[in-house]
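Step one of this worksheet: look at the structure below.
Laboratory data are not the source of any read-out in this text; all were calculated from the coordinates shown. Everything numeric in this text was worked out from a predicted model, so none of it was measured. As a convention, Cβ positions derive from the backbone with ideal geometry for all residues, glycine included, and neighbour counts pool all protein chains shown.
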Amino acid sequence: MLSQISQISLAGYQEIFKNSPVAMLIMDINTPVFTILDVNDAYLSSTNTNRQTLVGRGVFAAFPANPTDEESKNIERAIFSFEQTINTKKPHAMSNYRYDIPVRGTNEFEERYWTTTNTPVLDENEEVKYFIHSPLDVTELYKAGERERKGAEALYSQRQQLYSTFMQAPVGIAIFKGSEYITELINPPLCELYGKTVDEMLGKNVFEVLSYTKGLGFEELVDNVRLTGIPFRGEGIATPLFRNGKLETAYLNIVYEPFRENNGSISGVIAVAIEVTEHVNAKKAIEEAEERSRLAADAIGLGTYDLNLLTGEMVTSKQFACIFGFEDPVSRAEYVERFHKDGLETRAKALEEAPKKGKLLYEARVIWPDKTMRWTRIEGKVYYNTEGKANRVIGTVLDITEQKKAREEQQKLITLVSNSVDLMSVLNLDGSNSYINEAGRNLMGYNTDEEVSAVPLTELHAPEMIDFLRNEVIPTVMEKGNWSGKMMMRHLQTNEIFPVYKNTIRIDDPVNGKPINLGVVMRDMRPELDAKHALANSEELLRNITSAAPTGLWMSDEHGAITYVNQSWIDWTGISYEDHMGAGWLKSIAEEDKEMASQKFLKDSTDRNLHETEFRINHADGTIHWCIATGKPQYCSTGVFLGYIGACVDITEQKNLQQQKDDFIGVASHELKTPVTSIKAYTQVLERMLKKNGETKEAEMIKRMDGQVNRLTSLIGDLLDVTKINSGRLQFNDREFDFNSFVRELIEDLQRTSEKHRLVENLAQTGVVFSDKERIGQVITNLITNAVKYSPNSDKIIIRTSVKDNEVNLSVQDFGIGISKDKLDKVFEQFYRVSGNMQHTFPGLGLGLYISSEIIKREGGRIWVTSIEGEGSTFCFSLPLKKLAEEL
Amino acid sequence: MPKRILIADDDPGILDAIGIMLEFEGYEVKCITNCASLLTMESNFPDLLLLDIWMSGTDGRDVCKQLKQKTSTNKIPIVMISASKDIQCSALQAGADDFLAKPFEMDDLLEKIEKYI
């Protein structure tokens, strides 16, 4: 081929090459550099380059890859094409591939599309010497084609989307054409809404298909839209539809739009429908629920409020006001005033924390104007605005006074149970413990809560009780509701088996009456048994003591009937225990004392006096014994008289000794009197003889001797009197006598024997008494001689008589040593003598005042003394003045 | 002619002392210690009898009763003497004309004797 064109010069070819309108680049085959050997102007022009920057450089160094275009892989594609050309020795073309061109002077690239031909140039050996790279810039062409393709694609995709949207729209859409409203297009949601299939709808008169909607005004609505072009919108329109095999009312939000042709004429109606039945029903339900809750709130005393936190304004229900003691809602401030001051802090704290917690909850008391106190519980939910700031609290207030009370009651019960000394527990029906109180834990030896729920019943009972528990106790409880009785339990820690009294009850569900739990109350019987033992022991001991006591013991009831006698008494009398009961005891009393003993006891019992009596009893061996019976009235803790507990002591021995003593003193006194009588007789005769002989001095001495004999006689008389008093043989010969003149006689006589003391009479009118004159004289004499005896340092005795309250009084006042207060009561006792360091200086047997007091008492009078130690004493007695009326 | 007084007592000391006393006052005194002789007394009656109540083995009141029942002796004044004041009543009931308790004042005795003689 070269030979044929050889007539054109090389330069000519060069010119042709240089000016060819086809861009050309001649490149070496030195892969992968591909050095640019030459380039023509068209190429330079189309690539914005110049010869100097290209020739001699590798093609990829001259045209680096656009870093923003990774996907076209232009370098690899170019190399591939180059190598195809070299290897196949045939031209290779690439169409519409992207190879961006750098914009000169910048780092920017210009997007370019190329259609390139690489043509090999062979040498004489048919080897590729170099190749011509000829790119055609097809950027504009490519881009135009690209746009067209994309436009078509977009159009298609848009239509697809529209249809898809139409079909899949969550709203029902349909196009009804013409005045017959033939369904031309309808999407599944609307079909579903109508309860029809697409096929049932398409191509048919919609009103014919949905026959129940005919004549309800829908035709007029769509006619109006089709004729006027004015769309219709309706919300919650009740539409009767036959769906799922039944006719029901659906609520629809409906839009009817006119369907316009391209020329603007209206050929049908587009219907858009959404079912809002559920929404409507829900709304209705909400309204009803609100109404119901309002009614419920009223019924259960639930007040409601809506508090605006920003303004502090609060809207409350009537019930809210009622709970706070208002008739109608009032301002928030007025409500706050009703709170009990103790609750204000709690309230403030709750309000402060509410925005953080999202809810409000506190309990506080409110005080009504009538001072009624009510507990309230305020609850609320906090609402926030878009900035997250709490702006509203809506909630309720509940009167929980009753609840509080119930809770307090419950708390009390719980406290009671917790502090009970008896075990109290609640068992689940499977036998595990769900609750056990502290006492129970201690009793059974539980250490931990886990043990309480984990330890089975069998572990808690004595092994031999298990069968009984299973076969008897539990069935009985389940069947009859309770079981109680003795049970042997086992301590979990010590394994000790111990007796308890157990009460098990079935706890039923209050609603359905089914058993839900078992309740157990258990009392440790050990202390009780110990106490019983101790009691039995002490009873035994007491019985032994009472039986062994050498004393009769007895008890009587409130009516004076004997209820108990001890063994000693039975042994003494030989009469059985039973025969002593009631009034039977009198059988053992000696006949002569029976009446007295019976009367005395019944009288004391009636009067609740301390009982004391002496009587004789017949012993089983036939002997008679003296007894002194004493008894103390018994009262129960409320003060009711119960009877007597008493004792009988055998005083036979003492009686005998007393008798012997009295007998002895009596005999001794009597015997003493005989020689005294002789002595006195001799003395008196001797005195007279001496007087007759003129021996005055001797006679006087003998007279004094007679005085001493009189003293001796007086002492003997006292002893005799005492024995008579003790044996009850003191006799009185009562007669009338004038008291004052008798007193005067006595004073006169006594004054004669007293040289130092002056006996001062101070006698008021008294009158006649009826008494034993000699015995009364003995008393007065005793009082005056005592007064003289115990006032050695004074010289005056005052004797007074007077009448008061139908009694004659006599008093003897001395100014002697007196009697200390603690001894005052004792001076009238037998053998009492002035005690202390002066005792020995005062003579006497200590019988005078005892005899005097006995005489006065037996004559129906009283005797007493007042005294100040160191200042003197006044002894007084009084006697009944029987003849006073006559005297006056 | 001195008045004759019979004293019956079982105690010789009493008999002696009262005897001396009455003789000193001019009475003729006879003493006995045995009551039995009183009841068998047929003549030579005393002008007054001083009779002790308690005599060994015999109750003076019984003797008094018997003497007062016998016509021969029922005119004899009897003054009973006893160491016990309490039996005055029973003595008088037994028929005694008077009673005197031992020990007594000499003047009291003489007064009573003079009263009956």
Revision key, fill the gap. Rounded to the nearest 0.05, FRET efficiency between A:ASN107 and A:LEU136 (Cβ-Cβ, R0 35 Å) equals 0.85
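Using Cα pairs closer than 8 Å and at least 6 residues apart in sequence, work out the relative contact order for the range A:423-517, in percent.
23 percent
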Check your understanding: Using the beta-carbon distance between A:GLU200 and A:THR228 and R0 = 35 Å, what value does 1/(1 + (r/R0)^6) give for FRET efficiency, to the nearest 0.05?
Key -> 0.70
Review point. For the range A:336-430, what does the alpha-carbon gyration tensor say about shape, rounded, prolate or oblate, given a ≥ b ≥ c as the root eigenvalues, a/c under 1.5 as rounded, and a/b over b/c as prolate?
Key: oblate
**Study point:** A:PHE242 paired with A:GLU219, simple spin-label distance in nm, labels 7 Å along Cα-to-beta-carbon
**Key:** 1.8 nm
Revision key, fill the gap. For chain A, averaging the sequence separation of alpha carbon pairs under 8 Å that lie six or more residues apart and dividing by its residue count, the contact order in percent is 4 percent
Exercise for review: Sort B:GLU42, B:GLU114 so that the residue with the fewest other Cβ atoms within 10 Å of its own Cβ comes first and the one with the most comes last.
Suggested key: B:GLU42, B:GLU114
Check your understanding: Once you sort the root eigenvalues of the Cα gyration tensor of the range B:27-70 as a ≥ b ≥ c, which label holds: rounded (a/c under 1.5), prolate (a/b larger than b/c) or oblate (the other case)?
Key -> oblate
Check your understanding: Does a label point 7 Å from the Cα of A:LYS177, set along Cα-to-beta-carbon, have any residues of the range A:191-215 with amide nitrogen under 11 Å, and which are they?
Key -> A:203-204
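In percent, what relative contact order does the range A:84-228 have, based on Cα pairs under 8 Å that are 6 or more apart in sequence?
Computed value for the range A:84-228: 12 percent relative contact order.
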**Study point:** Whole-angstrom gap from the range A:621-673 to the range A:238-282, using each part's C-alpha centre
**Key:** 126 Å
Check your understanding: What is the order of A:LEU247, B:LEU22, A:LEU210, fewest Cβ neighbours within 10 Å to most?
Key -> A:LEU247, A:LEU210, B:LEU22
Check your understanding: When the helices in chain A are scored as -39500 (n - 2.57) per DSSP H run of 4 or longer and the sum is shared across all residues, what 222 nm value do you end up with, to the nearest 500 deg cm²/dmol?
Key -> -12500 deg cm²/dmol
Revision key, fill the gap. So, with points 7 Å from each Cα along the Cβ direction, the A:HIS533-A:GLU408 label distance in nm works out to 4.7 nm
Check your understanding: Can you give the angle from 0 to 90° between the axis of helix A:139-168 and the longest principal axis of chain A, with both taken from C-alpha atoms, to the nearest 10?
Key -> 40 degrees
Exercise for review: Give, as a single signed number, the net charge of other residues whose beta carbon lies under 12 Å from the beta carbon of A:ILE182, with Lys and Arg counted +1 and Asp and Glu -1.
Suggested key: -1
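Per 0.36 nm of contour for each residue apart, how much would the distance between A:GLU695 and A:VAL336 grow if the chain were fully extended, relative to their Cα-Cα spacing?
Difference between extended and current length: 116.4 nm.
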**Study point:** Helix A:74-88 axis, angle to chain A major axis (alpha carbon atoms, nearest 10°)
**Key:** 40 degrees
Point to revise | Sparse-neighbour loop sites [GluC sites (Glu not before Pro); the range A:27-76; at most 15 other C-beta within 10 Å; DSSP] | key: A:GLU70, A:GLU71
Point to revise | Charged-residue dipole, Cβ positions (Lys, Arg, Asp, Glu), the range B:1-106 about Cα centre, Debye nearest 20 | key: 400 debye
Check your understanding: So for the pair A:LEU344, B:ASP107, with labels modelled 7 Å out along Cα→Cβ, what separation do we get in nm?
Key -> 11.1 nm
Study note, to complete from the structure: Here the FRET efficiency for A:ARG526 versus A:HIS559, based on Cβ atoms and R0 = 51 Å and rounded to 0.05, is 0.80
Review point. Once the dipole of the range A:428-555 is set up with Lys and Arg at +1 and Asp and Glu at -1 on Cβ about the Cα centre, which of A:VAL452, A:ILE466, A:GLN493 lies farthest towards its positive end?
Key: A:ILE466
Review point. On full extension of the chain, what length is gained from A:LEU610 through A:ASP822, given 0.36 nm per residue of separation minus the C-alpha to C-alpha distance?
Key: 73.9 nm
Practice item. For each of A:PHE34, A:PHE339, count neighbouring Cβ atoms within 10 Å of the residue's Cβ, then give the residues from fewest to most. Key: A:PHE339, A:PHE34
Exercise for review: With a ≥ b ≥ c taken as the square roots of the eigenvalues of the C-alpha gyration tensor of chain B, please select rounded if a/c is under 1.5 and otherwise prolate if a/b is larger than b/c or oblate if it is not?
Suggested key: rounded
Exercise for review: Could you size up the charge dipole of the protein assembly as shown around its Cα centre, putting +1 on the beta carbon of Lys and Arg and -1 on that of Asp and Glu, and report it in debye to the nearest 20?
Suggested key: 1240 debye
Practice item. Starting from the Cα-Cα distance between A:THR68 and A:SER754, subtract it from 0.36 nm times their residue separation and give me the gain in nm to one decimal. Key: 230.3 nm
Study note, to complete from the structure: When the charge dipole of chain A is computed with +1 on Lys and Arg Cβ and -1 on Asp and Glu Cβ about the Cα centre, the Cα farthest towards its positive end, among A:ILE266, A:ASN66, A:THR277, belongs to A:THR277
